[in-house]
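Let me begin by presenting the structure, written as structure tokens, before commenting on it.
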Amino acid sequence: MKCTLCPRKCGADREKGLGACGVGDKIRVAKIMLHHWEEPSISGTRGSGAIFFSGCPLKCVYCQNREISHGGHGEEITVAQLAEAMLSLQAQGAHNINLVSPTQYSDKIKQAIDLIRDELEIPVVYNTGGYEDAEQIAGLRGYVDIFLTDIKYFSSEASKKYSSARDYFEMASHALDEMLKIAPECVFDEHGIMRGGVIIRHLVLPTLRADSIRVLETVAERIDISKIRLSLMSQYTPDFCDEHYRELKRKITTFEYQSVVDKATRLGYEGYIQEKSSASAKYTPEFRREENED
């Protein structure tokens with residue numbers, strides 16, 4: 001069967017080989033954990049039930065999770081085991097099921113949720129780099145409650161250079177339209193924990209201050225930003241960046257970040273603004289799994 005789950009439409013037979021995402025047909029998971037470092041409305045007080053999937057449709061040269069996104073590190077699990085993992089996280093008190101980099105397994109994820117639909121009582125978060133096929137996103141209606149999506153670039157030159165995806169903004173924008181059809185408004189419980197909606201994440205990168213501003217401006221032109229939350233991130237660290245991209249081998253400056261923050265404020269975005277002290281490799285989860293982990 002030819003794979004068409006992501007915008008690359010690579011057509012690979014993932015039962016026999018690897019797709020453009022770097023993984024085959026079997027679900028590969030690198031880490032299952034209660035994650036306390038997501039946005040406050042996602043992690044809450046008890047943590048988000050994160051499932052880190054191996055592989056990724058994007059090839060970001062600065063990816064902090066490159067061990068699993070590029071290298072495919074992880075262990076194979078079945079659809080039934082994935083469903084069991086979701087219920088286990090729920091039993092541990094997770095506020096939600098947080099599917100991290102799920103694109104290449106979206107068909108299997110739906111199968112897993114179908115197995116436990118009557119038992120799963122917490123929201124499902126689709127945590128994506130944003131490079132999604134709109135039709136596939138539309139197919140998540142009834143399976144996903146919250147979309148936690150990146151919009152990384154406006155410039156096609158930047159997205160091609162740093163993520164090998166010239167059509168990134170076009171694809172991310174169309175996918176966002178479908179996400180908003182499924183989760184049109186942000187809904188929170190009495191404790192401020194998100195139950196439904198869309199959060200747009202944007203990571204400010206060195207030298208790309210102007211591109212970040214264009215992302216914010218263009219998104220605000222296309223959608224009603226009062227319906228979403230923005231998560232503006234300063235956590236870029238050069239520790240994970242490919243040595244060939246010397247312009248990215250530094251942290252962002254206060255001027256770069258504050259310029260983007262000021263623009264977001266003037267445009268009227270609501271959401272979360274990360275402190276610059278978050279730009280540290282220590283906030284990256286360790287992806288080595290113990291033998292006895294679920």
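Taking the stated definitions as given, is residue 177 under 20 Å from residue 63 (Cα atoms), surrounded by fewer than 16 Cβ atoms within 10 Å (Cβ to Cβ) and within 18 Å of the chain's Cα centre (by Cα)?
No.
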Looking for something touching a Leu at 6+ places or on another chain (Cβ under 9 Å) and farther than 25 Å from residue 125 by Cα - is there at least one such residue anywhere in region 225-241? yes
Run down 232, 248 and say which single residue is crowded, with 17+ Cβ neighbours inside 10 Å, in contact (Cβ under 8 Å) with a residue 40 or more places away in the chain, in contact with a Pro (Cβ under 6 Å, 6 or more places away or on another chain) and not charged (D, E, K, R). 248
If we ask which residues in region 58-89 are β-branched (Val, Ile, Thr), assigned to a helix (DSSP H, G or I) and free of Cβ contacts under 8 Å to residues at least 60 places away in the same chain, their number turns out to be 1
For the condition out of contact with any His (no Cβ under 9 Å at 6 or more places or on another chain) and under 21 Å from residue 58 (Cβ atoms), what is the one hit in 198, 187? 198
Matching residues in region 160-198 - criterion: being in contact with a helix residue (DSSP H, G or I) (Cβ under 7 Å, 6 or more places away or on another chain) and farther than 23 Å from residue 138 by Cβ: 166, 188, 192, 193
Of the candidates 46, 28, 117, the one satisfying the condition of being among the charged types (D, E, K, R) and within 18 Å of the chain's Cα centre (by Cα) is 28
Checked region 187-213 for anything in contact with an Asp or Glu (Cβ under 6 Å, 6 or more places away or on another chain) and part of a helix (DSSP H, G or I); matches are 209
Tell me, yes or no, whether region 177-186 has at least one residue that is in contact with a Ser or Thr (Cβ under 8 Å, 6 or more places away or on another chain) and in a helix (DSSP H, G or I). yes
Residue within region 257-273 that is surrounded by 15 or more Cβ atoms within 10 Å (Cβ to Cβ), touching a residue at least 60 places away in the same chain (Cβ under 8 Å), among the aliphatic types (A, V, I, L, M) and in a helix (DSSP H, G or I) present: no
Residue, nearest to residue 14 (Cα to Cα), within region 54-73, restricted to residues that are buried (at least 22 other Cβ atoms within 10 Å of the Cβ) and touching a strand residue (DSSP E or B) at 6+ places or on another chain (Cβ under 6 Å): 54
Just to be sure, is residue 1 among the hydrophobic types (A, V, I, L, M, F, W, C) and at pLDDT below 95? yes
Tell me which residues, restricted to region 90-132, are among the acidic types (Asp, Glu) and either surrounded by fewer than 24 Cβ atoms within 10 Å (Cβ to Cβ) or part of a strand (DSSP E or B) (or both). 107, 114, 118, 119, 121
One residue from 166, 209, 195 being touching a strand residue (DSSP E or B) at 6+ places or on another chain (Cβ under 6 Å) and at pLDDT 95 or above: 195
Would region 204-213 turn up any residue that is within 19 Å of residue 58 (Cα to Cα), touching a residue at least 40 places away in the same chain (Cβ under 8 Å), buried (at least 16 other Cβ atoms within 10 Å of the Cβ) and acidic (Asp, Glu)? yes
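The values are calculated or read from the model by the stated rules, or taken from the named source; none is laboratory data. The structure displayed is predicted, hence computed values, not measured ones. Ideal geometry is used to build each Cβ from the backbone, glycine not excepted, and the neighbour counts take in all protein chains shown.
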